[in-house]
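Report on the structure given below.
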Amino acid sequence: MAAAEDLVGNDVVDLDDPDIASSHLRDRFVERVCDPAERARVRSASDPKVLLWTMFAAKEAAYKVLVKLGCAPGFAHRRLGVAADLRSVRFEGVRLRLWIDRRVDGAVHAVASTGARAPLSDVRRVAFTTGGPRADAGVAARRLACVRVARSVGRPAAALAIERAPLEESWDGFGPPVLLCDGRPCPGADVSLSHDGRFVAFAAAIVPEIARRTGASATRSSSRAAPRSPRGSAAWRGGARSRPRGHAAGLRAARSR
Ligand SMILES: CC(C)(COP(=O)(O)OP(=O)(O)OC[C@H]1O[C@@H](n2cnc3c(N)ncnc32)[C@H](O)[C@@H]1OP(=O)(O)O)[C@@H](O)C(=O)NCCC(=O)NCCS
């Protein structure tokens, strides 16, 4: 079971994205993403492309946890060390547990957590083509996450939403995603979303006894008073994105630094 303070991050990579087909052959890119030990592992791997993008996903998943811990490096993949057994990621004094999921053909999904227990997570292939609409992918990732966490929270998926609060110092002006139950942030739950090419994915650390308590009190109060919904505030953001992103964007960013 997750502990109340567990924080999660995830990242999915579409391994068939043509933009990443030969990135493992570009020394400059590999050097920007990997430290010397990781580069040696990529060089000797039976499938260097898959190992490179598995480590990339691991670092991005860890980055999303580090943001929540308040100690994320900006665009510094090489400073995050992925263990050779792919079971942990280190950044300075922080060690995060790592789970790599290759069960869905064509995708690698990395999940990082401050806790020792595997978070709830899933990855799904959806009907988008590579470079398809990011807003739709955000909606699909949220739907997948809400359906899968509903039981742990003790509320129907329709009562759940995942949104991002404004955060000035963040790279895009918004903070990490937050699970809302009947419009209110749900204590005892931490979530992470990712979408790339044909895939959407999520990870969640839920402490059912805390999250369910909140769900039950929300059910009781919803008939009496309208919730103080962050959704009522235009400043919170759901699935829509305006800036093109994804791993092709990350790749370009890493290459240009
Ligand atoms: C934040 C970042 C990791 C997102 O990765 P991405 O490959 O572009 O996109 P993904 O689909 O994997 O993740 C997108 C989701 O991450 C979440 N997210 C965005 N910013 C986040 C943050 N600062 N912390 C945690 N989660 C965040 C959002 O829920 C977003 O989905 P949404 O737009 O539908 O709400 C990426 O934009 C980035 O790398 N930014 C900063 C640069 C950097 O330093 N990277 C890591 C170096 S080690």
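Ranked by Cβ crowding within 10 angstrom, fewest neighbours first, how are Asp35, Asp101 ordered?
Asp35, Asp101
Go ahead and run the numbers for FRET between Lys68 and Ser44, Cβ-Cβ distance against an R0 of 35 Å, rounding to 0.05.
Numbers: r = 34 Å, r/R0 = 0.98.
Result of the calculation: an efficiency of 0.55.
Quote the charge dipole size of region 1-136 about the Cα centre in Debye, to the nearest 20; the model charges only the Cβ of Lys and Arg (+1) and of Asp and Glu (-1). Working shown, then result.
Numbers: 22 positive and 19 negative charges, 73 e Å.
Taking the Cα centre of region 1-136 as origin, the dipole is about 360 debye.
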Find how much the distance from Ala235 to Ala157 grows on full extension, using 0.36 nm per residue of separation minus their present alpha carbon separation; answer in nm with one decimal.
25.8 nm
Between Val147 and Ala116, the two model label points (7 Å from Cα along the beta-carbon direction) sit apart by a distance in nm of 3.4 nm
Based on the mean of other beta carbon atoms within 10 Å per residue, what is the order of 192-205, 46-59, most packed first?
192-205, 46-59
Based on the alpha-carbon gyration tensor of region 79-200 and its eigenvalue square roots a ≥ b ≥ c, which shape applies: rounded if a/c is under 1.5, prolate if not and a/b is larger than b/c, or oblate?
rounded
Using each residue's phi in region 170-183, evaluate 6.51 cos²θ - 1.76 cosθ + 1.60 at θ = phi - 60° and report the 3J(HN,Hα) Karplus result to the nearest Hz, with x for Gly and Pro.
6, 4, 10, x, 10, x, x, x, 10, 7, 10, 10, 6, x
Report the extension gain between Asp19 and Asp172 in nm, rounded to one decimal, defined as 0.36 nm multiplied by the number of residues separating them, less their alpha carbon distance.
52.8 nm
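Since every read-out is calculated from the coordinates, none of them should be taken as a lab result. Owing to the predicted nature of the structure, the values given are computational and were not obtained by experimental measurement. Every residue, glycine as well, gets a Cβ built from its backbone with ideal geometry; the counts of neighbours run over all protein chains shown.
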